[in-house]
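Just below is one structure, and these are the notes that go with it.
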Amino acid sequence: QQQVKQSPQSLIVQKGGISIINCAYENTAFDYFPWYQQFPGKGPALLIAIRPDVSEKKEGRFTISFNKSAKQFSLHIMDSQPGDSATYFCAAGSGNTGKLIFGQGTTLQVKP
Amino acid sequence: GAGVSQTPSNKVTEKGKYVELRCDPISGHTALYWYRQSLGQGPEFLIYFQGTGAADDSGLPNDRFFAVRPEGSVSTLKIQRTERGDSAVYLCASSLSLGTGELFFGEGSRLTVL
């Protein structure tokens, strides 16, 4: 019940294309769904987050789509750039604790 | 520095030895978290503190692992009788308080047990 499943494991996109990463969770008590970006040798950094009272959140080129009934959420990166090449992790947690369960990660490569 | 600071950045030790990893959170952040990240995997929750007390230590794998935060700021993760399977990057994160959402991660301490 605590798992967060993430796909695909790796993704190659051309510059200017759309990158899409999907996650599914099981625990209906989760009420906070962030996406973190991690570069090699660095710690994860928050990219964007959503709470289940909305179905979509957009910040610049990054959009989270959230489907509460399906227990799924996804990250869309529009106009992908080589600088977006990194590992992306979805996570789920209970907002009142901050404890997060992370997905397995998606390595994104954006080709110039 | 303004970010979460972790020391050492790299630690190589022999099986059976004792290890301490230190985390200095962002000033003013009351909540502190420890995660472990194995190669090619997402961070795995270990423990978190609100102030000086461990609010949830359910992620600690066994009693060889222990963490303290005696003054509500710096935290130390202690690993006794290290095993090769303990090799990973240990990440520390802090947040303004519990429930505020964003965790700010340090760059991690890479532990290698030979």
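The values are calculated or read from the model by the stated rules, or taken from the named source; none is laboratory data. These figures come from a predicted structure and were not determined experimentally. With ideal geometry, Cβ positions are generated from the backbone for all residues, glycine too; neighbour counts draw on all protein chains shown.
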(request) Kindly indicate the residue of the stretch B:64-114 that is in a strand (DSSP E or B) and of a type in the set (Gly, Ala, Ser) and also nearest to the other protein chains (Cβ to nearest Cβ) among those meeting that condition. (result) B:95
(request) Looking only at the stretch B:1-53, count how many residues are away from every other protein chain (no Cβ under 14 Å), of a type outside the set (Val, Ile, Thr) and in a loop (DSSP other than H, G, I, E, B). (result) 8
(request) For residues that are modelled with pLDDT of 95 or more and of a type in the set (S, T, N, Q), scanning just the stretch B:63-88, find the one that is surrounded by the most Cβ atoms within 10 Å (Cβ to Cβ). (result) B:75
(message) If a residue counts only when it is over 12 Å from the mean Cα position of the chain (by Cα), which strands (runs of 3 or more DSSP E) contained entirely in the stretch A:24-112 have at least 3 such residues?
(response) A:56-59, A:106-111
(request) Considering only the stretch A:58-75, state which residues are within 20 Å of residue A:44 (Cβ to Cβ), out of contact with any helix residue (DSSP H, G or I) (no Cβ under 9 Å at 6 or more places or on another chain) and surrounded by fewer than 17 Cβ atoms within 10 Å (Cβ to Cβ). (result) A:59, A:60
